[in-house]
Each structure stands twice: as C-alpha cells, then as structure tokens.
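Peer 1: One structure is given below, represented as structure tokens, and several questions about it will come after.
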Amino acid sequence: MRRLVDTDPAYAGGLSLDDRHRSHRAAVAPATPPEPGRAAAWTVHDARGGTDLPGTPRRAAGDPPTGDLAVDEASEGTAAALALFEEAYGRASYDGRGAPVSVTVHYGRGYANAFWDGTQLVFGDGDGRVFERFTKPVDVLGHELAHAVVEHTAGLVYEGQSGALNESVADAFAACLKQRLLGQTAAEGDWLVGAGLFRPGVAARGLRDMAAPGTAYDDPALGRDPQPAHLDAYVETTDDHGGVHVNSGIPNRAFHLAALAVGGTSEAGAGRIWYDALTGGDVGPRSDFASFAAATVLAAGPHADAVRDAWQEVGVVPGATGVPGARAAAPAPGLRVVVRRTGGFAGLVVEAAVDLDADRDDPRVPELRSLVGRVDLAGVGQVSAVPDAFVYDLDVCGERAVVPEPRLTPDLRRIVELVLGD
C-alpha cells in the first residue's frame, strides 16, 4: 500500500487546497463583545462535497440535532470547545471578544484533513480507506479552534520552532477538551490526539501521542510516527513549514509531563499555565521552544520548578539560546541589536548597538533578550515613508527592517529606546 505522507497524516490528501487556504489567512474583524453570560454564536455549514466556503447553513447554536453525524459532531464539539475557553480561562470565543464561529463540514471529496483558514474551521470526511471523518474525534475540532486562539493571541508564525509551538499549543488545548468531556484528570487521560480517526485495520492509536511522541502509529499506509520526544532528535527539514507537525512532539511531551507534575485536571493545571503564557505578553510571533518555556515557567507560580523540570526533561532549557531550529527568536551568542536613526526635520544620524553576548553586564541586555524573542521584523517589512518622521534602520540579530517612527510597534519602540538611550 502506498505510503501517504512522511510527516503528519492529517495533512495527507488535499495538500494543495490546505496550502491555498493557509497561505491566505485573513485577519478576522473584531466582533461586538457578547452579553454577559451569553455563549458565542456558532453555525455549522455543509459544503456538500465542494470547496466553496462556507457552504449551506445546517445548524446553529440552540438548534436541535440534524441527524447528519458530521454536522452534529461539529456542532457539539464547537460548543464544548467554546465552553472550555469561556469557563476555564474566561475567554469569549477565539478572539476574546465573542466572535461568532463558522464551521464547514463535508468539505471536498475524500478530503482527509481539517484546518483553520483564518476565518473558519473546515473538516473533511476522510478518504474512507485510512481516515474516518475529521469531526469524529472531538479533540481534532478543539485543536483547530485552538489555532484560532493562537492566531489572536501570540500569533506564533507557522514555521520552524514557532510553528511547532503553534501546533503543540493546539494539541495541548485539544487534550484539555477531550479530558474535560470525559471527566478525567491529567493522570487518567490517554494523551492521544485523534484517537478514533482511523478506519478499522489501520495500525494507529491516534495522530499523535503526547505522552510518547513517535509511537502513535506504524502502518504501511502511513509509515512510522516520526515525532521526536527530545530536542536532541529535532528534525531539520524544509517540509511542512520546517517540520511543524513533526517537531511539535517535543513541546507536546513537555506539556504532558507538566500536567502530571502539576496534578489535577489538565485544563485547570498545565492548561491554565500554558494559556497564561500564551496571552501574557512574553510570547511573540517568533518565539522558540526555549523562550516559550521561559514564559510558562514565569506563569507557573508555585509550580515553576515542576514546569521547568518538564521542559528540561525534553532537552529544552527555559530561556536558553542557540537551540536547533530557532527562527529569529531568542538571540544566539554573539548576536547584536543595531539601531540607526535617520530622517527627521533636521536630518541628523544617530547609531548605536548592543552586543547581547559580549555585553552581559549591560543592564539593558535581559530586557532586550526578552524583546528579541517576541518581535517579528519579517512581518514588519519595508513600511512606506512618513514625511518628516524619524526613520529607524533596525538590525535585530540578523533580521532587518526600515520603519518610520509612527509605525513602530510598542516592542520595537522599546528596543529603540534601550539601544539609543532615548
């Protein structure tokens, strides 16, 4: 039997469709905050085997079951996932402002995948040979809604280590949702993502095993689960946006270990810590494993040592630099932050630099290291000029951007202040 994929089987089939939607993720317009105590609205649509979104509305919040398994599974799963974020973390929908959730089922023909496209959740019915419908395991739905939460909080860039974290955070909240619905503690959960997704006869317990990455499946149609469980086995690849689904096994195992160490339910224990880290301002678009780990330790309060130990067990030292696969996140030894200010009404030039490795005694370095782990100059790009404004040529550990002063983000403005001494 032909092997489907070498990375994540959830992305087998329909890859061109998936890439098309993921590459054009759009920002969702802010929603009107919901009335106190009122759940976010949701609607499940039917694509009827097509690819036009969203499709025909079939069931909305408050409606009775339709008898269509995919429609009803998506409806119940959406309501449960929204309840998790609302009741456990006080978050109103994925954007925190009560945005209505749009869901589409019966997408494509033989489409073995599910995704969040920046505006809605989309689920295929599987290929009928290896995969069942993707609405069947509730944690798959929770995973996709969690991607929407990530997009509207830290905005982890979907490549390299930040992309693997994006995937892992989605798995973490998916596990919280599944265990919540089953009434399980962290110690009682099976820690499988996508259990029940496979057709009978396929040698797979799930898509991923957060407790034992690399053991979820071993089947001729799928190959063997390639996820590493330790940073030493980090996979360097250009496939799948730098191996985001493969390398997510490393932070997945850290979450599992932290959940066991903290104890109780995953949603109230490690899930609360991960959510606070994700939304607390210390995690940014290009954060790598080490900087995300440091944020979880800071958010862990009395459980800080347990969380730190969980990360170290998978080879990640919270706050360390220069780890494999890092993408413009926390700075590596010897890297510098250079700020050159030109323009302005007088046209004066000012330039200064801070070496984040050599200048260890400089009191500005700790804050600069934290800022460097959050900023995403690639997302700033070359911004159009603003008459008479200062212009900043920024070199942040090798990443460059030219930004007029009015276009500086708060983090970039703070970097300018620290380096130039303004």
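The values are calculated or read from the model by the stated rules, or taken from the named source; none is laboratory data. Here the structure is a predicted model, which means the values were calculated and not measured. Glycine also receives a Cβ, built like all others from the backbone with ideal geometry; neighbour counts cover every protein chain displayed.
Peer 1: Considering only residues that are polar (S, T, N, Q) and either under 20 Å from HIS230 (Cβ atoms) or assigned to a loop (DSSP other than H, G, I, E, B) (or both), which ones fall in segment 270-323?
Peer 2: Answer for segment 270-323, where residues must be polar (S, T, N, Q) and either under 20 Å from HIS230 (Cβ atoms) or assigned to a loop (DSSP other than H, G, I, E, B) (or both): SER287, SER291, THR296, GLN312, THR321.
Peer 1: Within segment 215-229, how many residues are more than 18 Å from ASN113 (Cα to Cα) and either assigned to a strand (DSSP E or B) or more than 20 Å from the chain's Cα centre (by Cα) (or both)?
Peer 2: Residues flagged as more than 18 Å from ASN113 (Cα to Cα) and either assigned to a strand (DSSP E or B) or more than 20 Å from the chain's Cα centre (by Cα) (or both) within segment 215-229 amount to 5.
Peer 1: Let me ask another. Which condition number does GLY183 fail, the rest of (1) at pLDDT 95 or above; (2) touching a Gly at 6+ places or on another chain (Cβ under 9 Å) being met?
Peer 2: Single failed check for GLY183: (2).
Peer 1: Kindly evaluate GLU167 against the criterion of being charged (D, E, K, R), assigned by TED's automatic domain parsing to the domain that holds ALA40 and under 24 Å from ALA290 (Cβ atoms).
Peer 2: yes
Peer 1: Looking for whichever is touching a strand residue (DSSP E or B) at 6+ places or on another chain (Cβ under 6 Å), of a type in the set (Phe, Trp, Tyr) and either farther than 24 Å from GLU159 by Cβ or part of a loop (DSSP other than H, G, I, E, B) (or both) here; the options are TYR111, TYR107. Which one fits?
Peer 2: TYR107
Peer 1: So which residues in segment 47-85 are closer than 14 Å to VAL149 by Cβ and either crowded, with 18+ Cβ neighbours inside 10 Å or touching a strand residue (DSSP E or B) at 6+ places or on another chain (Cβ under 9 Å) (or both)?
Peer 2: Residues satisfying the conditions are THR78, ALA81, LEU82, LEU84, PHE85.
Peer 1: From the list GLU159, GLU151, which one is among the acidic types (Asp, Glu), within 8 Å of the chain's Cα centre (by Cα) and at pLDDT below 95?
Peer 2: Checking each option against the conditions leaves just GLU151.
Peer 1: Looking at segment 96-111, I want the residues that are closer than 16 Å to ASP68 by Cβ and have a partner that is in a loop (DSSP other than H, G, I, E, B) and hydroxyl-bearing (Ser, Thr, Tyr) with Cβ atoms under 8 Å, at least 6 apart or on another chain. Which pairs are those?
Peer 2: VAL105/THR135; TYR107/THR51
Peer 1: I'm checking my understanding of the structure. Among residues of segment 235-252 that are in contact with a strand residue (DSSP E or B) (Cβ under 9 Å, 6 or more places away or on another chain) and part of a helix (DSSP H, G or I), which one is modelled with the lowest pLDDT?
Peer 2: HIS245
Peer 1: Moving on. Going through segment 51-92 one residue at a time, which ones are polar (S, T, N, Q), assigned to a helix (DSSP H, G or I) and free of Cβ contacts under 8 Å to residues at least 60 places away in the same chain?
Peer 2: Of everything in segment 51-92, just one residue is polar (S, T, N, Q), assigned to a helix (DSSP H, G or I) and free of Cβ contacts under 8 Å to residues at least 60 places away in the same chain, namely SER75.
Peer 1: In addition: Can you tell me which of (1) over 28 Å from THR185 (Cβ atoms); (2) among the charged types (D, E, K, R); (3) within 19 Å of the chain's Cα centre (by Cα); (4) assigned to a helix (DSSP H, G or I) is the one ASP232 doesn't meet?
Peer 2: (3)
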